[in-house]
Amino acid sequence: MDKAKRNAVIAGNWKMNKTPAEAAALINEMKPLVEGADCKVVLCVPFVDIDAAVKAAEGSNIEIGAENVHFKANGAYTGEISAEMLTACGVKYVVIGHSERRQYFGETDQTVNLRTLAALNAGLTAIVCVGETLEQRELGYTETLLKFQTKMALTNVTAEQLKNVIIAYEPVWAIGTGVTATAEQADEGNGFVRQALAEVYGKEVAETVTVQYGGSMNAKNADELLSKINVDGGLIGGASLKAEDFSIIVKAASK
Ligand code: 13P
């Protein structure tokens, strides 16, 4: 295993928070704090904040992502946003298959796959989320589920396209709950994801893919989580809404 082969990526997922003016203010506060970081720094923001966020981040090391993308190029899909619309606005990354979308908005493994393909075909980097519920963990299905979700999300994704894929392991029970997975649980979950990648693309390719951990990662626990061999970065919810906390996580990933 060689962590140095992989990009460390710290991405914020703002979820349904911040107006455009608040987004610009937060990014302006973050910019000096994350300047010169030795990892990629990404903020995935609500659609309506994208324009303000891209402008505020201009000339800095912060890149902007979206929180979802539709799989069709255009057409009668009221309320949806295409990959091309995102790239036209300066978006570089997109979160796909977050558990909140799976839980509340009918996202399935099939639609996660379609969205991933659409994002990759448009030149976006896809941050694909996988993760088990507490019930699935207690039933002993964590490994099976993480491998299944990972493989389903990547159906028809080529090894070349995989270079623009990040997988985020986010145990559902750790999201927004303040209950963080232990560093060992995070490392194990990320390891299952990497095994699934190896089963499809081979070990050598699997070793190059960035696998993040997400779920109550914060300024206090980031160091330990990110020290694990399979944890190449984080997808951060609550703590990405606070400039100082987020910058501490970025610094932890830069070591
Ligand atoms: P929290 O960091 O708020 O637990 O959210 C994690 C998450 O869902 C990131 O996508």
Looking across segment 31-49 at residues that are without any contact (Cβ under 8 Å) to a residue 60 or more places away in the chain and surrounded by fewer than 23 Cβ atoms within 10 Å (Cβ to Cβ), the single one that is farthest from the chain's Cα centre (by Cα) is 32
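What residue, among those in segment 103-112 that are free of Cβ contacts under 8 Å to residues at least 12 places away in the same chain and of a type outside the set (Ser, Thr, Tyr), is least open to solvent (accessible area, probe 1.4 Å)? Don't jump to the end; show me each part of the working.
Filtering segment 103-112 down to residues free of Cβ contacts under 8 Å to residues at least 12 places away in the same chain leaves 104-108.
Add one more test, that the residue is of a type outside the set (Ser, Thr, Tyr), and what stays is 105-107.
Values: 105: 130, 106: 54, 107: 14 Å².
Top of the filtered list is 107.
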Counting only residues that are part of a helix (DSSP H, G or I) and surrounded by 15 or more Cβ atoms within 10 Å (Cβ to Cβ), segment 64-98 contains a total of 5
- prompt: Out of curiosity, is residue 147 touching an Asp or Glu at 6+ places or on another chain (Cβ under 7 Å) and open to solvent by 10 Å² or more (accessible area, probe 1.4 Å)?
  reply: no
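Hey, among the residues in segment 200-215 that are small (Gly, Ala, Ser) and over 17 Å from residue 227 (Cβ atoms), which one's nearest to the ligand (Cβ to nearest atom)?
Start the filter on segment 200-215 by keeping residues that are small (Gly, Ala, Ser), which leaves 202, 206, 214-215.
Pick out the ones that are also over 17 Å from residue 227 (Cβ atoms) and you get 202, 206.
Working: 202: 28, 206: 22 Å.
If we take residues in segment 200-215 being small (Gly, Ala, Ser) and over 17 Å from residue 227 (Cβ atoms), then 206 is nearest to the ligand (Cβ to nearest atom).
How many residues, within segment 200-221, are open to solvent by 20 Å² or more (accessible area, probe 1.4 Å) and β-branched (Val, Ile, Thr)? Give the derivation first.
Filtering segment 200-221 down to residues open to solvent by 20 Å² or more (accessible area, probe 1.4 Å) leaves 200-205, 208, 216, 218-221.
Those left that are additionally β-branched (Val, Ile, Thr): 200, 205, 208.
Total meeting the criteria: 3.
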Filtering segment 99-124 down to residues that are within 15 Å of the ligand (Cβ to nearest atom), of a type in the set (Ser, Thr, Tyr) and outside any helix (DSSP H, G or I) yields none
Note on residue 197: of the conditions (1) more than 10 Å from the ligand (Cβ to nearest atom); (2) touching a residue at least 12 places away in the same chain (Cβ under 8 Å); (3) surrounded by fewer than 20 Cβ atoms within 10 Å (Cβ to Cβ), unmet is (3)
Quick check: anything in segment 9-30 surrounded by 22 or more Cβ atoms within 10 Å (Cβ to Cβ), within 13 Å of the chain's Cα centre (by Cα) and not in a strand (DSSP E or B)? yes
Taking segment 222-232 and keeping residues surrounded by 20 or more Cβ atoms within 10 Å (Cβ to Cβ) and either out of contact with any helix residue (DSSP H, G or I) (no Cβ under 6 Å at 6 or more places or on another chain) or within 8 Å of residue 12 (Cα to Cα) (or both) leaves 232
If you go through 181, 239, the only one that is within 16 Å of the ligand (Cβ to nearest atom) and surrounded by fewer than 22 Cβ atoms within 10 Å (Cβ to Cβ) is 239
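The values are calculated or read from the model by the stated rules, or taken from the named source; none is laboratory data. Source: prediction; values computed, not measured. Cβ sites come from the backbone with ideal geometry, for glycine too, and all protein chains shown count toward neighbours. Keep in mind that these areas ignore ligands, DNA and RNA; they rest on the heavy atoms of the full protein, side chains included. Shrake-Rupley method; radii C 1.70, N 1.55, O 1.52, S 1.80 Å.
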